[in-house]
Amino acid sequence: MALLNLSGFGLGYALMRCWFRTLLCCAATGALLLVALPADPGGVAPGIVVAYLAVSALAAVDGARVARRRTVGGSWRPMVAAGAGLVLLAVPAGGVVFYGSERADAVEQMLLDRLDRGDRTVAAASGKPFAAARGDYRSALAVYRELGEEHAGSRAGKLVPKRLDAYYRAVSAPYRRQKHCEAIEPLTYLRTVPEAIDPKLLGELARYPDTPLAVSLYECGVSKLGDAAAGTESRELGELLRTFPGSAQAGKVGPAVSGKISEQSRAVRGSDPCGATDRLHRLRATALALPDASVSARAGNADGGIENGVYACGLAEFKAKRFDEARRTLTEFAATYKKDKRGARARDIAVAAEIAGTRPAAGRHLPPSGRPGGARMELVISNDAPDGVEILYTGPVTGRTGIGGCAGCRSYSWVSGSLSACKAKGKSYPHVTLWLPAGEYHFLYKHRGGSSSGAGVTSYADGSKIQPGYRYTGCTYMTSSPSLGIGPADSASNA
């Protein structure tokens, strides 16, 4: 009877017509089935199993005890009952086997569900910029790593290599779309993946990112060469030369830099010499910053283009009426390239630009490049001011000169200056003599502040016409009322 009770349904009690005990055994088994089915990957809680085994053991012991006191009717005999009990033990044993199979299927399904969640995470991440999707990609990789390493024999684990192939395709999608600058960050990330997962699961994928990354670094860096909006080409090309120095792409960096320098050196003769010159400066700086000596040596190729470009840029600024910029550019050119034969011409244009900044008529056209022949007229300019004056002029000829301050001279009132300046009898005023061809001239008088006028520069611009056969005189002086300024007092007489 004990063996019959071990079937889990209290058959020993039923044979002895102990119906209440039979019902209790069936209730215990039913409760176990209710808890255990459907099979869960985690199995049944150990406490429930222990409790059920305790009930079954108690039923067996109790069944044996009751059987000694009762006579079983019918044709049953003790040996037959024992045999039946042994046969019926196959019921719980089969149940255990069945439950184990169901639980294994549940575990497999759980792992497949986990694999599916990883796949859906990759699919969602592929629609985002990599910076926003990086966390999702790492989460999915952790799923694949767990399945591939800890559950390699499961159905889900065996699918991991194919999922990793899809994973790499999703992360490197910008490269296949030829968005090389966008592809650099995800491809750099893929190079770190073998550190987070068993390389055996990756196979050839472990080496895949190297070539695409080298291509992307090259294409992105070259596309930005000389680009003011980028400013990162040296970073990307530098990374290429440091990380993949022996790659085909690294070997193309030097020729690419030289090609861009040649292109912009030609462009300084075009419609935007200032822009081309700026790009040449950036190309030179980029070449010098790159870690390959053979590339850095190409920086000097930009020098000639920069020199031509600075001069052409100054002329373009003058023609565009950007006189302050033209003055700075051409003054810098003359100071930097002292051996350049265009230095004198650059200084003349810089003088005209400075005058035009105050008197725009002086910038209507570039100063003549040659020196006119013919007669020259004398222009004597005296200075009746305590401080020195610088005189800039442009017309048929261009230049600058200066006069020292007048000892004992003073500032005039606004009204008296034109009447009294430079007319004191017996007084010798500092002066300068210019010999000028006939023509229209523009003058700029720059009085530098000193003891009487204070700090700073006070400027005055004027125009004059020089005619043949005359001798000209002029006077510069300071006025203190109603405003500080410089005024000329000019006169002409027959030569």
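Quick look at the values:
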| item | result |
| --- | --- |
| Residue list for the stretch 120-142, given a label point 7 angstrom along the Cα-to-Cβ vector of E150 and an amide N cut-off under 16 Å | 139-142 |
| G405 long-range amide H proximity, modeled H, under 5 Å | G388 |
| Full-stretch length increase - V415, D340 - with 0.36 nm per residue and alpha-carbon distance subtracted | 22.2 nm |
| The stretch 343-411 versus the stretch 237-261: alpha-carbon centroid distance in Å | 52 Å |
| Extension gain, Y470 back to D165 (0.36 nm per residue minus Cα-Cα distance, nm) | 100.4 nm |
| Listed pairs K319/K465; K338/K427; K224/K319; K179/K260 exceeding 32 Å between Cα atoms | K338/K427 |
| Nearest-0.05 FRET efficiency for A297 and D116, computed from C-beta distance (R0 60 Å) | 0.60 |
| Most to least accessible of T243, T211 (protein chains only, probe 1.4 Å) | T211, T243 |
| Relative contact order for the stretch 231-286, counting Cα pairs under 8 Å that sit 6 or more residues apart, in percent | 28 percent |
| FRET efficiency for K252 and H365, using Cβ-Cβ distance with R0 set to 35 Å, rounded to 0.05 | 0.15 |
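The values are calculated or read from the model by the stated rules, or taken from the named source; none is laboratory data. Because the structure is predicted, anything quoted here is derived from the model rather than measured. FYI the Cβ positions are ideal-geometry reconstructions off the backbone, even for glycines, and counts take in every protein chain you see. Each accessible area value is taken on the protein alone, full model and side chains, heavy atoms only, with ligands, DNA and RNA left out. Shrake-Rupley method; radii C 1.70, N 1.55, O 1.52, S 1.80 Å.
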